[in-house]
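Here's the structure we're looking at; comments come further down.
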Amino acid sequence: MYRPPNKSLWTGRFDGEHPLYFRFFQIVHCFSLEQMPSQNKDKETQFGILGFECDEGVRRNQGRIGAKQAPDKIRKFLSHIPVPHSEFSLYDYGNIVCENDRLESAQHELGKVMNRLLNRNIFPIILGGGHETAYGHYLGVRSYLGNGPSIGIINIDAHFDLREGGEPSSGTMFRQIVETDPKVEYFVLGIQRFGNTEKLFQTAKQFHCDYLFEEEIEPLEKTFSKIQDFSNRHDYVFLTLCFDAIDSCYAPGVSAPSPFGLHPKTVRKLLRMIARLPNVLSFDISEVNPETDENDKTIRLASLLIAEFIRVRSVETAPSSVE
């Protein structure tokens with residue numbers, strides 16, 4: 001269920017050998033899991049890219065499949081982006097691959113590899129895949145932390161993904177988490193009124209989930225205050241971004257497009273704020289679907305948001321006001 005990194009994905013325009021000219025393809029280091037160093041002794045921030053090549057959860061949830069193609073496509077577009085500075089290291093560790101519809105096994109494998117990255121002080125950036133990616137993401141964080149610390153999950157999403165019953169899918173993972181882990185709290189930014197049944201709103205209330213509707217995100221000062229308070233209540237937080245939270249004009253390549261979604265600049269500001277939280281452990285982007293994209297605009301946006309998160313996370317660790 002593992003595919004080593006493909007160095008040929010990392011190509012781009014060569015402007016020179018001085019770091020001031022660098023693009024991401026010039027700084028990334030490709031290592032298989034067998035080559036992963038035993039520990040990270042460097043002082044600079046290190047990011048580890050790990051793909052989750054899976055959309056079985058989307059298929060089970062009756063969505064538009066194709067997100068399993070996203071990890072490698074995102075790498076191709078991230079390659080061309082200029083590096084904002086050189087105070088970090090970037091590693092590509094390849095993809096976890098869902099084989100023969102074995103979603104649950106793939107999620108557990110993702111969790112195991114994430115645990116290894118976190119134990120080496122490498123900040124994981126996970127490229128989904130359907131949003132079932134988030135359950136494997138959680139498994140990795142919890143196995144790394146053990147049972148003691150509390151975890152806050154920040155999800156930028158149009159949907160709660162708190163469905164009950166049936167087999168696990170891209171619509172069940174957060175219920176799977178909050179039902180079994182009493183030390184997890186769940187906060188969703190960007191909920192769509194017509195993207196969730198009344199039953200799901202009741203379920204969110206049942207599990208004491210915090211959320212903000214899409215139209216409540218502005219003004220950002222108030223939202224940032226809520227994010228800060230949420231972070232302060234927990235030992236650690238992790239971030240997951242479902243691309244169907246974004247206005248479908250800018251992100252048509254998703255499983256469930258959102259005409260009333262968030263503007264990309266708003267999402268960028270949210271990512272900047274969350275990247276500065278000192279207790280944020282990891283980040284995933286999910287539900288980017290190249291098969292339904294238009295002129296690669298969704299892929300390009302995903303790549304730029306990842307680059308922005310890396311930029312902010314590598315230079316700042318304290319929350320600040322709206323940019």
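Couple of notes before you dig in:
- Put simply, of 268, 300, 272 the only residue that is closer than 20 Å to residue 79 by Cα, at pLDDT 95 or above and in contact with an Asp or Glu (Cβ under 7 Å, 6 or more places away or on another chain) is 268.
- Residue list for region 168-184, restricted to those being open to solvent by less than 40 Å² (accessible area, probe 1.4 Å) and outside any helix (DSSP H, G or I): 168, 169, 170, 171, 172, 181, 184
- Those residues of region 238-258 which are modelled with pLDDT under 95 and hydrophobic (A, V, I, L, M, F, W, C), in sequence order: 256
- Leading residue by the ranking (nearest to the chain's Cα centre (by Cα)) among those in region 152-166 that are farther than 20 Å from residue 141 by Cβ and of a type in the set (Gly, Ala, Ser): 158
- Sole residue being touching a residue at least 12 places away in the same chain (Cβ under 8 Å), under 27 Å from residue 182 (Cα atoms) and open to solvent by 60 Å² or more (accessible area, probe 1.4 Å), chosen from 250, 236: 236
- Pick from region 98-115, criterion in contact (Cβ under 8 Å) with a residue 40 or more places away in the chain and either open to solvent by 10 Å² or more (accessible area, probe 1.4 Å) or in a loop (DSSP other than H, G, I, E, B) (or both), ranking: nearest to residue 310 (Cα to Cα): 109
- Restricting the first member to region 150-165 and to residues that are under 11 Å from residue 131 (Cα atoms), and the second to residues that are open to solvent by 20 Å² or more (accessible area, probe 1.4 Å) and modelled with pLDDT under 95, the beta-carbon pairs closer than 8 Å and six or more apart or on different chains are 159/256.
- Test result for residue 58, surrounded by 17 or more Cβ atoms within 10 Å (Cβ to Cβ) and over 17 Å from residue 4 (Cβ atoms): yes
To keep it simple, each residue is scored yes or no on (1) touching a strand residue (DSSP E or B) at 6+ places or on another chain (Cβ under 6 Å); (2) modelled with pLDDT under 95; (3) under 17 Å from residue 303 (Cα atoms).
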site: 5; (1), (2), (3): yes, no, no
site: 25; (1), (2), (3): no, no, yes
site: 41; (1), (2), (3): no, yes, no
site: 53; (1), (2), (3): yes, no, yes
site: 57; (1), (2), (3): no, no, no
site: 71; (1), (2), (3): yes, no, yes
site: 86; (1), (2), (3): no, yes, no
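- Of the residues making up region 75-93, those that are surrounded by fewer than 17 Cβ atoms within 10 Å (Cβ to Cβ) and either touching a Ser or Thr at 6+ places or on another chain (Cβ under 9 Å) or acidic (Asp, Glu) (or both) are 80, 84, 85, 87.
- Considering only residues in region 1-23 that are hydrophobic (A, V, I, L, M, F, W, C) and either in a helix (DSSP H, G or I) or farther than 20 Å from residue 307 by Cβ (or both), the one that is most open to solvent (accessible area, probe 1.4 Å) turns out to be 20.
- Cβ-Cβ under 9 Å pairs, at least 6 apart or on other chains, region 213-225 side closer than 15 Å to residue 187 by Cβ and of a type in the set (Phe, Trp, Tyr), far side part of a helix (DSSP H, G or I) and modelled with pLDDT of 95 or more: 213/193; 224/269; 224/270; 224/273
- Across region 128-142, the number of residues qualifying as in contact with a Gly (Cβ under 7 Å, 6 or more places away or on another chain) and open to solvent by 10 Å² or more (accessible area, probe 1.4 Å) comes to 1.
- Checking each residue in region 288-320 for being on the phi > 0 side of the Ramachandran plot and either open to solvent by less than 10 Å² (accessible area, probe 1.4 Å) or of a type in the set (S, T, N, Q) (or both) picks out only 295.
- Pair list, Cβ < 6 Å and 6+ apart or interchain, from region 116-127 residues that are open to solvent by 10 Å² or more (accessible area, probe 1.4 Å) to residues that are modelled with pLDDT of 95 or more and part of a strand (DSSP E or B): 123/47
- Residue 72 vs. criteria open to solvent by 40 Å² or more (accessible area, probe 1.4 Å) and within 19 Å of the chain's Cα centre (by Cα): yes
- Among the conditions (1) more than 30 Å from residue 258 (Cβ to Cβ); (2) aliphatic (A, V, I, L, M); (3) buried (at least 19 other Cβ atoms within 10 Å of the Cβ), residue 36 misses just one, which is (3).
- Scanning region 191-224 for residues that are assigned to a strand (DSSP E or B), aromatic (Phe, Trp, Tyr) and buried (at least 16 other Cβ atoms within 10 Å of the Cβ) yields a total of 1.
The values are calculated or read from the model by the stated rules, or taken from the named source; none is laboratory data. Computed from a predicted model, the values in this text were never measured in an experiment. Note: ideal-geometry Cβ built from the backbone for every residue, glycine included; neighbour counts use all protein chains shown. All accessible areas refer to the heavy atoms of the entire protein, side chains included, with ligands and DNA or RNA removed. Shrake-Rupley method; radii C 1.70, N 1.55, O 1.52, S 1.80 Å.
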